[in-house]
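Accompanying notes for the structure given below.
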Amino acid sequence: MSFPSRRDLLHAAAVTPLVAGRTRAEAPAARDFQGMIVRQHEPRNLEMPFGSLTEWTVPAERFYVRSHFALPKIDPAGFKLVVEGHVENRLELSLAEVKKLAAVTTPLTLECAGNGRVFLVPAARGLQWAHGGVGNADWTGVPLAALLERAKPRAGAVDVVLAGADKGAIAADPATPGPIHYSRSIPLAKATKPEVLVAWGMNGEPLTPAHGAPLRAVVGGWYGMASVKWLDRIVVTDKPYAGYFQTMDYAYFTRRVGEEPETIPVTTVQPKAAIARPGPNEAVAAGRAYTVTGAAWAGEHPVAKVEVSADGGKTWAAAKLDAAPKPFCWVLWRYEWTAPSAKGPAKLLARCTDAQGNTQPEARDPDRRAYMINHLVPVEVLVK
Ligand SMILES: Nc1nc2c(c(=O)[nH]1)N[C@H]1C(S)=C(S)[C@@H](COP(=O)(O)O)O[C@H]1N2
Ligand SMILES: [Mo]
């Protein structure tokens, strides 16, 4: 599948007839999501069609978008990033001052904690992502550690709260107490790791508004909810933070006290291999060679291997990784399959194992609620 060029998109947007009942000003700009699956119009939530995966680095306009509230309006000239709370030096930095700090550029993969939700049985509430709520990009910014080093957390600092400029009220149960900013904390120990950036660049260009311009956090190895977009406030706390997006949302059950469930925030990305091609219900030629392709990622641990099964999980064969896996990044893989000579339905499974030996579960653990979806999901094809 090929994606239209920027010029095609602009042209398409210009000639797209207006949807009945919408004014020109209200009509969503089609160029913003051409080729993407619209999971929600307002706020705009977009999925990359996973079958289109060909490149290790996903361009910004094809990178999934997950936003809980309307895009905030930010004037870059008046923008300030504040670092405050349990620190010795409160910082208030202009964009130019942030960009003057020693920058790094590094690839990191982001996956939404709800990616794959459409595969849950019974169905779970929330955006119905298939496999495309994930992407890998090159991020440019300053390590959060460098900002914290200047702010000097006081003794007893535990959490680093990342807050965005976007704001809204969530009506669905559990409702928010009126409009709140999107915010999320990470422990100081994670915040000072080199894979945690305050970024202004994506794939060598300035961040786009949908991906958090002018500044966003990118928390390598953790599900996307921690990578706060439109980041304008960093608050160091001396008590664990329990904001909405790590208690009422993006939290799951664990059982540390006997069998009793307690809720804890969603944090690290679990190993997953997803099949890009063939796609669901694709027709494949009987007895012919087919190159099965996909991506695999494993959060804070590198991918060690990817395997494919064409017999419902009885036997597994190693897939070929397209490159040496990089930490915190997905790896693209391929598997040379020969479709069965018997016509009819066939099932393909892929699984990822990380460098620590963790692999994907066969069955879904309901304690994970609507998040961290990495159980084995077959792709069913039709052999013709
Ligand atoms: N300020 C803010 N940051 C946010 C969000 C948000 O709604 N508001 N969504 C989070 C979630 S759930 C994900 S998965 C990632 C998605 O980043 P992307 O839209 O650039 O892919 O942003 C995170 N950061
Ligand atoms: Mo997410």
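For (1) surrounded by 19 or more Cβ atoms within 10 Å (Cβ to Cβ); (2) within 11 Å of ligand 1 (Cβ to nearest atom); (3) more than 20 Å from E205 (Cβ to Cβ); (4) among the basic types (K, R), each residue gets a yes or a no:
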| residue | (1), (2), (3), (4) |
| --- | --- |
| K80 | no, no, yes, yes |
| E88 | no, no, yes, no |
| L91 | no, no, yes, no |
| L108 | yes, no, no, no |
| R117 | yes, no, yes, yes |
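Residues are listed down the side, and each one gets a yes or a no for (1) assigned to a strand (DSSP E or B); (2) in contact with a Ser or Thr (Cβ under 6 Å, 6 or more places away or on another chain); (3) closer than 16 Å to M225 by Cα; (4) more than 16 Å from ligand 2 (Cβ to nearest atom):
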| position | (1), (2), (3), (4) |
| --- | --- |
| R125 | no, no, no, no |
| G135 | yes, no, yes, no |
| L162 | yes, no, yes, no |
| A165 | yes, no, yes, yes |
| R184 | yes, no, yes, no |
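Within the stretch 221-238, the set of residues being touching a Ser or Thr at 6+ places or on another chain (Cβ under 8 Å) and in a loop (DSSP other than H, G, I, E, B) comprises G221, Y223, V228, K229.
For beta carbons closer than 8 Å, sequence separation of 6+ or different chains, a first residue in the stretch 247-272 that is under 10 Å from Y371 (Cβ atoms) and a second that is more than 16 Å from ligand 1 (Cβ to nearest atom) and among the β-branched types (V, I, T), the qualifying pairs are A251/T263; A251/I264; Y252/T263; Y252/I264. Against the definition (among the aliphatic types (A, V, I, L, M) and within 14 Å of ligand 2 (Cβ to nearest atom)), how does A226 come out, yes or no? Yes; evaluated as a whole, the condition is true for this residue. Candidates are the residues of the stretch 40-81 that are out of contact with any Gly (no Cβ under 8 Å at 6 or more places or on another chain) and part of a strand (DSSP E or B); the one that is farthest from W139 (Cα to Cα) is Q40. Looking at the stretch 186-201 only, could you name the residues that are in a strand (DSSP E or B) and not β-branched (V, I, T)? Selection gives P187, L197, A199, W200, G201. The strands (runs of 3 or more DSSP E) found wholly in the stretch 317-384 and carrying at least 1 residues that are among the aromatic types (F, W, Y) and more than 30 Å from I264 (Cα to Cα) occupy 331-338.
FYI, it's all coordinate maths here, none of it is from the lab. Since the structure is predicted, the reported quantities are computational estimates derived from the model, not experimental observations. Backbone-built Cβ (ideal geometry, glycine too); neighbour counts: all protein chains shown.
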